[in-house]
Amino acid sequence: MLTRFQRKKLNLRFDRLDADGDGYIEEGDYVLAARRIAGAMGRKGSFEAQLAEGRLRLVWRSLRQLDSNDDERISREEFVTAVARDMDGIAAAVRSTAEAVFDLCDIDGDGRLNRDEFGKMMNGFLVPDEGVTEGFEHLDVDEDGWVTRGEFVQGAIDLYCSADPSAPGSWLLGAVEKVWQVSSERCGD
């Protein structure tokens, strides 16, 4: 069973995944997100952008199982219910997605993102600058001024699966309670 905090995180994550804002997650949302992030990173149309888009399409195919009514899209309710039901399966899909996005944004291929790279990536996910700063500070667990691939991937998994408000990934989208207060959606609360 999800805690109130987990439910809030998942609703906020749903809002970021619903790239076109139509109230559903569809394959096109993954494609749009990949293109938006590639554009933010100055990699629009690049080989890396095409690779990331392809990987995200594969992730979408694995997530289609969350579509309980076979309408080729995932509603907010389907999303939250499925995550609550299968944390391990979701963690595997999140890992694959996070790795694809990280690789697209790691311009120099050194396995870490500086504040600027991280900020561009998260702005591509429509996270406001304040949330980007909070996310970076919490994900940079060793406080070396970089978010490594491992820190980012674990943070993304925490975002979906951790009930701990102090877990670094719980801050990936910024301060959940603050973002929730200004959100126009009050889904499930």
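Here are a few things to note about the model shown:
- Local net charge near LEU126, Cβ-Cβ under 9 Å (Lys/Arg +1, Asp/Glu -1): +1
- The helix-based estimate of mean residue ellipticity at 222 nm for the chain, built from -39,500 (n - 2.57) per DSSP H run of four or more residues and divided by its residue count, is -19000 deg cm²/dmol to the nearest 500.
- Residue among GLY124, GLY169, GLY109 with the largest mean-square fluctuation in a Gaussian network model of the chain, springs linking Cα atoms under 10 Å: GLY109
- Calculated FRET efficiency for the pair LYS44/ARG16, C-beta based, R₀ 22 Å, to 0.05: 0.65
- Springs between Cα atoms under 10 Å define the GNM used for the chain, and in it the highest mean-square fluctuation of GLN65, GLN154, GLN50 occurs at GLN65.
- Of LEU139, VAL94, ILE107, farthest towards positive along the dipole that unit charges on Lys, Arg, Asp, Glu beta carbons give region 90-148: VAL94
- Under 17 Å of direct C-alpha separation, and excluding same-chain neighbours fewer than eight residues apart, LYS44 reaches these aspartates and glutamates: ASP29, GLU53, ASP103, ASP106, ASP108, GLU117.
- For the pair LEU32 and ASP144 in one chain, pulling the backbone fully straight at 0.36 nm per residue adds 37.1 nm over the alpha carbon distance.
- Residues considered: GLY174, GLY131, GLY42. Largest GNM mean-square fluctuation over the chain, using C-alpha springs under 10 Å, is found at GLY42.
- Modelled this way, with points 7 Å down the Cα-to-C-beta line, the labels at ASP88 and LEU58 are 2.2 nm from one another.
- Panel note: the C-alpha atoms of region 4-180, placed on their principal axes, show extents of 44, 37, 26 Å (largest first).
- Taking amide H as placed 1.01 Å from N in the peptide plane, LEU113 has its amide H under 5 Å from the amide H of VAL147, THR148, each at least 5 places away in sequence or on another chain.
- Here the spin labels are modelled as points 7 Å beyond Cα on the Cα-Cβ line, and at ASP108 and THR133 they lie 2.5 nm apart.
- Nearest-20 debye value, the chain charge dipole, Cβ charges on Lys, Arg, Asp, Glu: 300
- 3J(HN,Hα) along region 50-60, derived from phi through the Karplus expression 6.51 cos²θ - 1.76 cosθ + 1.60 where θ = phi - 60°, amounts to 5, 5, 4, 4, x, 5, 5, 5, 5, 4, 4 Hz, with x in place of Gly and Pro.
No value in this document is a laboratory result; all are computed from the given coordinates. All figures in this text were calculated on a predicted structure; none of them were measured in a lab. We place every Cβ from the backbone using ideal geometry, glycine too, and count neighbours over all the protein chains shown.
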